[in-house]
1. Can you name the number of the only condition in (1) among the basic types (K, R); (2) over 12 Å from P115 (Cα atoms); (3) more than 16 Å from the ligand (Cβ to nearest atom) that R69 fails?
2. Could you count how many residues in the range 101-122 are surrounded by fewer than 16 Cβ atoms within 10 Å (Cβ to Cβ) and under 24 Å from G60 (Cα atoms)?
3. What is the number of the single condition among (1) at pLDDT 95 or above; (2) more than 14 Å from the ligand (Cβ to nearest atom); (3) in contact with a Ser or Thr (Cβ under 7 Å, 6 or more places away or on another chain) that C56 does not meet?
4. Determine whether the range 25-35 contains at least one residue that is among the basic types (K, R) and away from the ligand (no atom under 15 Å from the Cβ).
5. Right, R85: surrounded by 13 or more Cβ atoms within 10 Å (Cβ to Cβ), modelled with pLDDT of 95 or more and over 12 Å from the mean Cα position of the chain (by Cα) or not?
6. If the requirement is being within 11 Å of the chain's Cα centre (by Cα) and at pLDDT 85 or above, which of these qualifies: I48, I74?
7. Could you figure out which of (1) within 12 Å of the chain's Cα centre (by Cα); (2) more than 27 Å from S42 (Cβ to Cβ); (3) part of a loop (DSSP other than H, G, I, E, B); (4) not aliphatic (A, V, I, L, M) isn't true of P127?
8. Here is a list of conditions, (1) out of contact with any Lys or Arg (no Cβ under 8 Å at 6 or more places or on another chain); (2) touching a residue at least 60 places away in the same chain (Cβ under 8 Å), and F81 meets all of them except one; can you say which number that is?
Amino acid sequence: MFSMNNSNPFAPQRERLRTRTPMRCPICHSALGKVIIRDIGSAAPGAIWQIHAGECPDHGWFQTEVVRRPPREIFPVTKPFGAARRVVVAGREYYAFSTVWNELPGEERRQPTDPLEERYWQALPLPGV
Ligand SMILES: [Zn+2]
């Protein structure tokens, strides 16, 4: 979903520290710290294309990509824009966490939506948590 190598076709990149991302920890749903939002560019006129990364003090770094619409999955990573990592929660392993948006009927996902609408970014409850 996101490319982490150095031959990034999207350079130059603009990064900025912000205090707010709709992304929360997909495991404990805490607010994330050290938030970094990278603007990749515009997927279409007026449409955002960003990568959001942030750290949960208990569960590490997470990242997702926003292209016009809320993200369907949140990924655990070793560091911002780093490698994917495996997370074990209640005996199950995860490389990605589905969001509320991912579970919406396709018809609803095609409606005009604010890609930064926080309720869509919420990770689904995990079994055994
Ligand atoms: Zn957490």
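1. (2)
2. Of the residues in that region, 3 qualify.
3. (2)
4. Checked against the condition, which is being among the basic types (K, R) and away from the ligand (no atom under 15 Å from the Cβ), the range 25-35 yields no hits at all.
5. yes
6. It is I74.
7. Here P127 clears every test but (1).
8. Among (1) out of contact with any Lys or Arg (no Cβ under 8 Å at 6 or more places or on another chain); (2) touching a residue at least 60 places away in the same chain (Cβ under 8 Å), F81 violates only (1).
The values are calculated or read from the model by the stated rules, or taken from the named source; none is laboratory data. Here the structure is a predicted model, which is why all the values come from computation and not from measurement. All Cβ positions, glycine included, derive from the backbone under ideal geometry; neighbour counts span all protein chains shown.
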